[in-house]
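The values are calculated or read from the model by the stated rules, or taken from the named source; none is laboratory data. Please read these numbers as outputs of a predicted model, since none were measured by experiment. All Cβ positions, glycine included, derive from the backbone under ideal geometry; neighbour counts span all protein chains shown. Calculation scope for accessible area: heavy atoms of the full protein, side chains included, ligands and nucleic acids excluded. Shrake-Rupley method; radii C 1.70, N 1.55, O 1.52, S 1.80 Å.
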Amino acid sequence: MQAEHRKIPERLVVNHLRKATGELHSRLEKRFDAVTELADPSRRSSVMRRYAALHGPAHGALARELEGVDGLDFDSRIGAWSAVKWPTFDVRAAPPFPDAADRCEALGVLYVLEGSTLGGRFILRELEAQGIEGPEFFFLDPYGRSGGRMWRTLLAVIEREGSRGPACLEGLCRGAMRGFLHAECVLCGDWF
């Protein structure tokens with residue numbers, strides 16, 4: 001019982017989270033080559049529908065747990081993502097977005113989603129280097145110049161929340177693992 005209330009040093013939380021999810025993250029990156037898929041006009045709309053299935057329902061599903069979390073600026077995150085013009089498709093046909101049991105699990109799932117925006121910035125640069133540009137790729141970098149700040153504030157909240165004790169740290173990891181598994185299923189098209 002005593003160990004449950006033991007604080008964890010903040011600087012260790014994100015490192016623990018990365019270590020816990022590293023294998024799933026690597027597997028997703030090996031299976032899903034977004035640059036190649038988005039560069040191919042014949043596959044582009046399918047890939048964009050998969051991104052829509054991943055991100056479209058995310059913030060609504062996480063809002064119950066994350067609205068009002070100090071320092072997260074969840075409303076700004078929702079605002080940026082609501083500006084994305086997703087391709088039309090029946091999102092009900094996609095696998096259900098993972099339910100978060102609590103705030104820590106929700107933050108773990110958000111860690112995966114927001115991490116994809118960092119990857120999105122890389123993907124966008126790679127596409128631009130190939131001469132592939134356009135407003136339809138806005139979903140890859142919805143925060144624009146605020147992307148770095150949004151990522152840092154998320155990490156600060158994760159560090160703070162995860163340092164509250166082992167139960168929250170494990171909840172973060174559990175949520176992030178579920179987030180990576182869901183992202184893999186959706187982005188790799190396993191649900192089609």
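How far is helix 166-187 tilted, in degrees, relative to the longest principal axis of the Cα atoms in the chain, given as a value from 0 to 90 rounded to the nearest 10?
Relative to the chain, helix 166-187 is tipped by roughly 10 degrees.
In whole percent, how big is the carbon plus sulfur part of the accessible area of the stretch 1-121, probe 1.4 Å, protein atoms only?
So the carbon and sulfur contribution to the accessible surface is 50 percent.
Could you provide, to the nearest whole Å², the per residue accessible area of the chain with probe 1.4 Å? Don't skip to the end; give the middle numbers.
Numbers: 9840 Å² over 192 residues.
Accessible surface, normalised per residue, equals 51 Å².
So for the pair E29, F89, with labels modelled 7 Å out along Cα→Cβ, what separation do we get in nm?
Inter-label distance under the simple model: 2.5 nm.
Step by step: find N for the stretch 1-146, compute 2.2 N^0.38 Å, then divide the Cα radius of gyration by it. What's the final number?
Against the empirical 2.2 N^0.38 Å value, I get 1.16 for the stretch 1-146.
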